[in-house]
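Let me begin by presenting the structure, written as structure tokens, before commenting on it.
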């Protein structure tokens, strides 16, 4: 799959004021999308229950003013795109690929990693960062308590 990363969307302040969150959906509830085209023709499209949770989450994030993007788990990313998600530089992404920490394949001479592998690495890096922050906090407490 060719990479088509990341188009972020955000609601304007005006749209956030007039939009309302979806009520919590329960079993048996139906979600429908009402569409009116430029010619005034109206259609109703049913949203499958499995997609309703995604729509609910998407709208909730946007109503909080967050930027959102919808990505497929098997989407392939370039090292530059992966670096944007991981919050590290492109050369560090390539280094992690070379070390085997981030699986990838070549498309011609270009590297491509699956989004799910990038997200797995991000989770690992986030856990490591959290542990380092906790260790730094413990060290500060020891210094304050025992004057080390």
Report summary line: Exposure proxy check on 94, 55, 70, 118: fewest-to-most Cβ neighbours within 10 Å is 70, 55, 94, 118
Report task. Describe numerically, in nm with one decimal, the distance between label points set 7 Å from Cα along Cα→Cβ at residue 64 and at residue 101. Result -> 2.8 nm
Report summary line: CD proxy, 222 nm, the chain: helix-only mean residue ellipticity via -39,500 (n - 2.57) per DSSP H run with n ≥ 4, per residue, nearest 500, stands at -15500 deg cm²/dmol
Report summary line: For the pair residue 14 and residue 30, the simple spin-label estimate (label points 7 Å beyond Cα toward Cβ) gives in nm 3.4 nm
Requested in this report: Could you tell me how many degrees, from 0 to 90 and to the nearest 10, lie between the Cα long axis of helix 115-146 and the main elongation axis, the longest principal axis, of the Cα atoms of the chain?
Outcome: 50 degrees
Requested in this report: Could you point to the label whose value was computed as Kirkwood radius over Cα pairs in Å for the structure here, given [x] 16.4; [y] 15.0; [z] 19.3?
Outcome: [z]
Query raised in the report: How far, in degrees from 0 to 90, does helix 49-63 lean away from the longest principal axis of the Cα atoms of the chain, to the nearest 10?
Result: 70 degrees
**Report entry** For region 133-148 versus region 17-83, the gap between their alpha-carbon centres in whole angstrom
**Finding:** 45 Å
Report summary line: With a Förster distance of 41 angstrom and the Cβ-Cβ distance between residue 72 and residue 42, calculated FRET efficiency to the nearest 0.05 equals 0.85
Report summary line: Most exposed first, judged by fewest Cβ atoms within 10 angstrom, 116, 127 run 127, 116
Report task. Subtracting the Cα-Cα distance from 0.36 nm times the residue separation, let me have the gained length for residue 128 to residue 110 in nm, one decimal. Result -> 3.6 nm
Query raised in the report: When a footprinting reagent is the concern and you count Cβ atoms within 10 Å, what order do 77, 148, 31, 11 take, fewest first?
Result: 148, 31, 11, 77
Query raised in the report: Packing-wise, with mean Cβ within 10 Å as the measure, how do 100-110, 56-66, 17-27 rank, highest first?
Result: 56-66, 100-110, 17-27
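Read-outs: derived from the displayed coordinates by stated rules, not from any lab. Values in this document were obtained by computation on a predicted structure and should not be read as measured data. As a convention, Cβ positions derive from the backbone with ideal geometry for all residues, glycine included, and neighbour counts pool all protein chains shown.
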